[in-house]
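Below: one structure, written as C-alpha cells.
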Amino acid sequence: MAPQHPQALYSLGVHAFQRGDFAGAIETLRAAHLAAPNDPLVLMTTSVVWRERGDAAQEWQTINACLAIDPYFLPGLLSKAAFLERQGRTRSAANVYRDVLKVAPPESHWPEPLRAQLTHARACVNAHTEAFASYLDSVLAGPRDALEVAAQGRWAESAAIMTGRIQPYRSESNQLTVPRLPAIPFFDRADFAWVADLEAATSAIREELLAVQQTAQDGFSPYITYNPGEPVNQWVDLNHSDRWSTYGLWRGGERVTENLAKCPRTAEALDAVEMAEIGGLCPNAMFSVLAPHTHIPPHHGETNARLVVHLPLIVPPDCTYRVGYERRGWTEGEVLIFDDTIEHEARNDGDLPRTVLIFDVWNPLLTTAEREMVNAMTKAARDFNREA
C-alpha cells in the first residue's frame with residue numbers, strides 16, 4: 001500500500017539484518033533514510049549492519065552521519081564511543097562516554113535497553129579519570145613540590161578539576177553574596193592579629209566549656225531546628241537532634257547574656273576579636289558539640305562577607321573537616337578560619353564528642369565602606385520582607 005513508507009522500509013531493513021541478509025538490509029535502510037532523512041535511528045541501525053559486516057570505515061562514517069542529524073542522540077554517542085573503544089582508542093572513547101553521561105538522564109531514569117551500556121560508560125570514564133589523575137600526579141610532582149606549601153593545595157585541586165574528579169567549588173551564599181570575592185577555602189591564621197591571644201586562652205575557654213557541660217547542660221540545644229512542614233533536605237537526620245548541639249554565646253548579632261556570664265574568660269576572648277557585625281545575622285558565637293559517629297552533611301553558609309572561625313577545644317581521633325577540596329583535621333588550640341559559603345562538611349568518626357568554639361569575623365578583603373554596605377543591604381532586605 002505504501003512501499004516508500006519510512007517505517008515500513010526501516011522494519012524491512014531490520015528483518016533483513018536479522019536473517020543475515022546484510023546487503024539487503026543496507027539497501028532497504030538506505031531507502032528508509034532517503035524517505036526520512038532526519039531520523040537518526042535509521043542511520044544508527046545502518047551502522048550496526050556495517051559493524052556486523054566488518055566494514056569499520058562505513059560504520060564510522062554512518063555513526064558520524066547519524067550524529068550530524070542529532071549530536072545529542074544517546075544511542076549514536078554510545079555507538080561512537082564503543083567504536084573508538086574497539087579500535088583501541090580508549091582515551092578518545094572515554095571522552096565521548098563522558099559526553100554520553102552528560103546527555104543521559106539521571107541513573108534512576110536510564111532507559112532499560114541502554115542501562116548496561118551506560119553502566120559501562122561510567123566505568124570507562126572512572127577508569128580514565130583515575131589514569132589521568134595518576135599521570136598528572138607523577139608528572140607534576142616536581143613542579144608542585146617546588147611551590148610554597150600554601151599554594152600546593154590549589155594546584156592539587158586544579159588537577160582534580162582537570163581530570164573530572166570534581167567540579168570547581170564556588171561560593172554560594174544563602175543570603176548575601178558579595179561578588180568578585182575570591183573563593184578561598186581556608187585563610188592564613190598569620191593574617192589575623194587576634195589569633196595568638198585567642199589560642200593562648202584555649203585552656204581557660206576549655207575549662208569554662210567543661211564547667212557549663214557539668215552545670216548547665218540544659219543550655220545546649222540542637223543546632224538544626226526546622227519546623228514541621230518545612231523542607232529539611234540534607235538535614236533530615238540531624239533535625240532536632242542532640243548529635244549536633246550548641247551552647248549559644250552570641251546569636252544573630254545579640255549577646256546571650258546569661259550564657260556569657262557563665263563563661264567570662266570566653267566572653268573576654270571574644271570581645272578582643274573584631275567579630276563581624278551584620279544586623280540580624282552576625283556575630284554568632286557558640287560551643288559546638290559533634291557527637292561520636294556523626295556526619296554534618298555538605299552545606300553552604302549565609303554570606304561570604306564574613307568568615308567562620310573554629311577554635312578546637314576537644315578533638316578525639318578520627319575527626320575531619322572539609323571546605324571545598326581541602327580536608328583538614330582539627331588541632332586543639334589552633335584556629336581554622338574559612339569561608340563557609342564554599343561547600344563544607346564535618347565528620348566525627350571517633351568514639352568521643354568533638355567540641356569547638358565557633359564565631360564570625362569579617363572577610364578581610366572587604367573595606368570599611370563595604371562592611372557598611374553589607375549592613376545597608378541586609379537591613380533593606382529585612383525591612384522589605386517585614387513589610388511584605
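Quick note: the coordinates plus some simple rules give every number you see, no bench work behind them. Just so it is clear, the model here is predicted, and its values are computed rather than measured. Because the Cβ atoms are built from the backbone with ideal geometry, glycine has one as well, and the counts that use them run over all protein chains shown.
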Determine which residues of the stretch 43-79 fall in the zone a paramagnetic label at F22 would reach in this model, i.e. backbone nitrogen under 20 Å from the point 7 Å along Cα→Cβ. 43-66, 79
Where does the stretch 1-50 land on Rg(C-alpha)/(2.2 N^0.38 Å)? 0.99
Taking the Cα atoms only, what angle lies between the long axis of helix 40-53 and the longest principal axis of the chain, rounded to 10 degrees? 70
Answer rounded, prolate or oblate for the stretch 189-387, using the Cα gyration tensor with square roots of eigenvalues a ≥ b ≥ c: rounded when a/c is under 1.5, else prolate when a/b is larger than b/c, else oblate. rounded
Reachable lysines from K102, criterion Cα separation under 22 angstrom, eight or more residues apart if same chain: K80
Packing-ranked peptide list from 61-73, 171-183, highest mean Cβ count within 10 angstrom first, is 61-73, 171-183
The chain, relative contact order [Cα under 8 Å, separation at least 6], %: 13
Obtain the nm distance between the two label points defined at S92 and A133 by a simple spin-label model: each point lies 7 Å from its Cα along the Cα-to-C-beta direction. 2.7
In nanometres, what is the gap between the two model label sites at A196 and W110, each 7 Å from Cα along Cα-to-Cβ? 5.8
Can you give me the orientation-averaged projected area of the convex hull built on the Cα atoms of the chain, in nm²? 28.4
Determine which residues of the stretch 18-37 fall in the zone a paramagnetic label at H5 would reach in this model, i.e. backbone nitrogen under 19 Å from the point 7 Å along Cα→Cβ. 28-37
Given all pairs of distinct Cα atoms, the stretch 114-186 yields a Kirkwood Rh in Å of 14.9
Mind listing the Cα extents of the stretch 231-270 along all three principal axes, in Å, largest one first? 37, 20, 16
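More than 16 angstrom separation, counting every C-alpha pair in the stretch 6-127; what % is that?
On the way: 4514 of 7381 pairs.
Every Cα pair in the stretch 6-127 considered, those over 16 Å come to 61 percent.
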Which order, highest average first, do 142-148, 261-267, 341-347 follow once you tally other Cβ atoms within 10 Å for each residue and take the mean per peptide? 341-347, 261-267, 142-148
Placing each pseudo-label 7 Å from Cα in the direction of the beta carbon, Q217 and N126 end up separated by a distance in nanometres of 4.4
